[in-house]
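The structure under discussion appears below in the form of C-alpha cells.
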Amino acid sequence: MDRETAKQYVKGQLESYLQGKGINTRRPFRCLNPAHTDNKPSMSIDRNSSSGLHCKCFSCGAYYDTLDLIGIDYGLTDETAIFNKAYELFNLDIDRHRATVQEDFSPEYQNQPKTEQNTQLQLHNTGYTMNYTIEDIQDEVRIDFTDIVKAAHKELLGNQKALQYLQSRGLSMDIIRAYELGYDAAGYNHFLQAYPQNQSKSKKAGLYRYIFPYPDTEGKYSYFLTEIEDRAQVDEYNGKYRKISKGESKIAAQIFNERYLQSPPPVVFICEGIYDALSVEEAGGKAIAFVGTAHRRFLSLCKKYMPDTTFIISLDNDEAGQQAIARVKEGLDFLKIPYMVRTAEQGKDFNEALQTDRGAFTEYIQQVVADAEQEKRAREEAERQAYLQTSTAYQLQSFIDDIEKSKTATFFPTGFNNIDNLLDGGLYAGLYVVGAISSLGKTTFCLQLLDNIAAAGHDVIIFSLEMARSELIAKSVSRHTLQADIRKYKTTVHAKTVRGITTGTRYKDYSQTDREIIEAAITDYSEYAHHIYIHEGVGNIGVEQVREVVERHIKITGNKPVILIDYVQILAPYNERATDKQNTDKSVLELKRLSRDYSIPVIGISSFNRDNYTQPVNMAAFKESGAVEYSSDVLIALQYEGMDYQPKEKDGDRQKRIRELLDAQIAIGKSGKAQSIQVKILKNRNGSKGDTVIDFYPMFNLFSEKGKSGIAKATGGEDAVDWTRIDGTEEDIPF
C-alpha cells in the first residue's frame, strides 16, 4: 500500500470511525466541532462530496474527514502526528509507511509546490467551504530571461517612437526604467532567439514588439508579456497581448507582480490589465495584474503565502470581471484576508483615469491606500483590544459572579458524613472515578451512594453495562431488608441476600415476618425509586448514547441528574480498531466533557490492573489509567483496611501480608460480618486528599460508617449474630 492509497483508505473509514465513537450514522448526530455547543443534533455524513466522505454540520458548517476528526479527538494539530495516529488506529504498518508519511506532511514537503490538482479548499471550524475547486501551485519550470529583458529595455530607451507610445499611455520614464520595459523591433521570436523552444509558430509573432517583464522578489525576470505594435493587425485569435509560449518547457502563466504576494506591501491593488497596474504604480500605489482570468492562481498563491496585506479589488466592470470579483472575494473571505472593492472614478479603467487627469487619479489612489491603512489599523487595534480583554483583569467580574453563584451551587451529599467531609460537602459538577479490585464492592458502594442522593430528592441515571436492572434493584432491596429488620425487630435474621429476594421458589418457605421485611424494604425503595433511571446494555452503550440520554432527561424533566457509569472500561468502543487504552482514554475525555457541558457530577467505575491486586491503591492502579489519572476531577479508591505500605517492609513480605489480608477479609464477608473498607481520595482537583474507613456487609450490600450500622446493637455483638435463618435455606448459611 503506497502513501496515497493509505491516506484514501483512512478517509474512507469515516463511517466506521464514527460508529466506533458510539455514533449512529443513520441519523443526525451532535456536531463534533469543539467550539459548537450543539443542543440539537445537526451533523450527518455527506456522501455526495466530490472530495470523499465527510461529515457536515448544517448549523455551524464544520466539515470534517476522518483525519480531521482524529486531530480533534487526540488534540493533534501537526499533520504528521495526525497521520501517524491514523496508522496506529487502523492497524496499518507504521514503520513501513513512516518515511512516506513524513514526506507527505513534513514542513519541508509542505513548503514545496504540490502535485495534486483540484484540491478543494476547506477551512475547518469556520463554517465555510468554497463552492469550487482551486489547483495547488505545481512544481513550475522557471527560465531566467533577465539578460534578454535588459537588452530589450536598452533598445526601448534608444527608440523614441516606441517610448512615445508608452508615454502616451500615461507611463513615465521612472516607471519605464523601474520595470525595465522593453522593445524588440524584430518582434517576439527574435526576442526569444536564445530560447527556440519557447518561440511561436504564429505568422503574426513578429508584430508583438513591446515587452513587459514580470519582476520577481530578487529583481530577476522569469516571465513576460508582449504587446502588438500594429493595432490594425489585431484579430480575435491573437489578441492585443501575447504571453510567453509554454513550449516544451511547460512554463506556467504568472501574474504581473506576483512578488507582492510573497513579500507583500501593506496595500495591494488587484487589476485586470497590466497598464492599470502600472498606472497604480505611477500614482504611488502597489498593484498586481491578472491579464486574463487568473483569479485561481491568485488564490492558490494567497493560500500558499497568506500575505499580510489588504487587497483593493479593482477588476473590470464587464461580465467576466464581475465574475472574477465574486470569485476573488469568496476566496479571500475563505482565507480571512482583508480586502476592499474600488474601481476607477473617471474612465472605464485606471489607465484611462490616469490619462484623463493624472493629479486626480493620483489623489484617488493615495486616498484609497490611506483608507485601507486606516481600516487595517482599526482592525489591528480591535484585535489588540480583544486580546487584552483575555487578561485576568477582565475576568475578575466573572470570577466574582461565579463566587456568588457558588453560594447557591448544587452539590449532592453522599449520605456518608466522613466522605462528605473529605469532598467539601458531597459531589459537585465534575468527573469522579471510583476504583477497586474485583469483588470489593465498587458497584454496591456507588449504588448506595446514588440511592442516598435519590432519597434526598435528586434524579440519578445509572448506565449498567454489566449487571441487569433487576440485579441492581435487588441489591438496593437487599440493603433495605437488613435496615428494616434492624429497625423493626432489632435483629438481622430476617434480612435477605440478592438471591434470597430474586429466587421466587424460596418464598414458600419464608415466614410472615420474612415477607413483611421484604415488603417493607420494597416500600422503602419505592419512596425514591422515581428518581432512579437505569439503562442496561452490554457493549452497545457508548459515550454518545450516554450524552443523548442525559440531554433527553434534562429536556423532559428539567432536572440535572447525577450520572453513574458501571463501568468505564466496557463502554462501547469509539473505534473497534483502537486499543483498549485509546478507547478508555476517549471515553474518559468525553465523560469529562459531559460533566462540564451540563455542570453535573459524573461517576465512572473503573477496574484495577491485576498487577495492583497485591499492592496498596495508587493512581497507577486504575486500568488504562492515562486519561483516568489526568482527566478526572476526583479519584476515589477502595481497599481493605491495612493494605497501606508499612515502614521498611520488603516487597515480598508486603505481598504475602496483603494476600493473607485479602483471604481473611473475603472470609469475613462470607460470614456475613463487616469488612473494613478504606476509602481513599487519591486526587481532588478542587479540594484536599484524605481517607476514611467504613464498614461493608457484602452479604446484604450495605456500606455504613464505622460502627453505625446498628447490627452490633441489634444482636448484642457481631459474634452473637444468629446466622441459622438468613434466608431460610442451608446453602446460604456461611458456616
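The values are calculated or read from the model by the stated rules, or taken from the named source; none is laboratory data. Remember, it's a predicted structure, so these values are computed and weren't measured experimentally. Note that we place each Cβ from the backbone using ideal geometry, even for glycine, and neighbour counts take in every protein chain shown.
Is it the case that residue 554 is part of a strand (DSSP E or B) and in contact with a helix residue (DSSP H, G or I) (Cβ under 9 Å, 6 or more places away or on another chain)? No: the conditions fail for residue 554. Looking only at residues that are farther than 23 Å from residue 596 by Cα, in contact with a helix residue (DSSP H, G or I) (Cβ under 8 Å, 6 or more places away or on another chain) and in a loop (DSSP other than H, G, I, E, B) in the stretch 617-646, which one is modelled with the lowest pLDDT? Selected residue: 623.
Among what's in the stretch 488-515 and is touching a residue at least 24 places away in the same chain (Cβ under 8 Å) and of a type in the set (D, E, K, R), pick the residue that is surrounded by the most Cβ atoms within 10 Å (Cβ to Cβ). Among residues in the stretch 488-515 that are touching a residue at least 24 places away in the same chain (Cβ under 8 Å) and of a type in the set (D, E, K, R), the one surrounded by the most Cβ atoms within 10 Å (Cβ to Cβ) is 496. Which ones in the stretch 278-295 are part of a helix (DSSP H, G or I) and touching a Ser or Thr at 6+ places or on another chain (Cβ under 9 Å)? Answer for the stretch 278-295, where residues must be part of a helix (DSSP H, G or I) and touching a Ser or Thr at 6+ places or on another chain (Cβ under 9 Å): 280, 282. Among the residues of the stretch 167-211, just one is over 20 Å from residue 147 (Cβ atoms), among the aliphatic types (A, V, I, L, M) and in a loop (DSSP other than H, G, I, E, B), namely 171.
Is there a residue in the stretch 167-179 that is aromatic (Phe, Trp, Tyr), modelled with pLDDT of 95 or more and assigned by TED's automatic domain parsing to the domain that holds residue 211? Working first, answer last.
Going residue by residue through the stretch 167-179, those that are aromatic (Phe, Trp, Tyr) are 179.
Among the residues that remain, those that are also modelled with pLDDT of 95 or more are: 179.
Filter once more, so that each one left must be assigned by TED's automatic domain parsing to the domain that holds residue 211: 179.
Yes - at least one qualifying residue is present in the stretch 167-179.
Taking the condition outside the structural domain of residue 280 (by TED's automatic domain parsing) and either in contact (Cβ under 8 Å) with a residue 60 or more places away in the chain or in a loop (DSSP other than H, G, I, E, B) (or both), does residue 362 pass? In short, no. Just the residues that are assigned to a helix (DSSP H, G or I) and touching a Gly at 6+ places or on another chain (Cβ under 9 Å), please, taken from the stretch 67-84. Listed by number, the residues that qualify are 79, 81, 82. Inspect all residues belonging to the stretch 212-231 and state whether any of them is assigned to a helix (DSSP H, G or I), in contact with a helix residue (DSSP H, G or I) (Cβ under 6 Å, 6 or more places away or on another chain), among the aromatic types (Phe, Trp, Tyr) and buried (at least 21 other Cβ atoms within 10 Å of the Cβ). There is no residue in the stretch 212-231 that is assigned to a helix (DSSP H, G or I), in contact with a helix residue (DSSP H, G or I) (Cβ under 6 Å, 6 or more places away or on another chain), among the aromatic types (Phe, Trp, Tyr) and buried (at least 21 other Cβ atoms within 10 Å of the Cβ). Contact annotation: no residue pair with Cβ atoms under 9 Å, 6 or more positions apart or on different chains, pairs a residue in the stretch 589-601 that is surrounded by 16 or more Cβ atoms within 10 Å (Cβ to Cβ) with a partner that is in a helix (DSSP H, G or I) and aromatic (Phe, Trp, Tyr).
Going through 328, 268 one at a time, which residue ends up being part of a strand (DSSP E or B), under 41 Å from the mean Cα position of the chain (by Cα) and crowded, with 20+ Cβ neighbours inside 10 Å? Before you say what the answer is, go through the steps one by one.
On the way: 328 fails: part of a strand (DSSP E or B).
Just one listed residue meets the conditions, 268.
Has the stretch 520-539 got any residue that is among the acidic types (Asp, Glu) and surrounded by 21 or more Cβ atoms within 10 Å (Cβ to Cβ)?
Step one: filter the stretch 520-539 for residues among the acidic types (Asp, Glu), giving 524, 527, 536.
Now narrow it down to the ones that are surrounded by 21 or more Cβ atoms within 10 Å (Cβ to Cβ): none.
Scanning the stretch 520-539, I find no residue that is among the acidic types (Asp, Glu) and surrounded by 21 or more Cβ atoms within 10 Å (Cβ to Cβ), so the answer is no.
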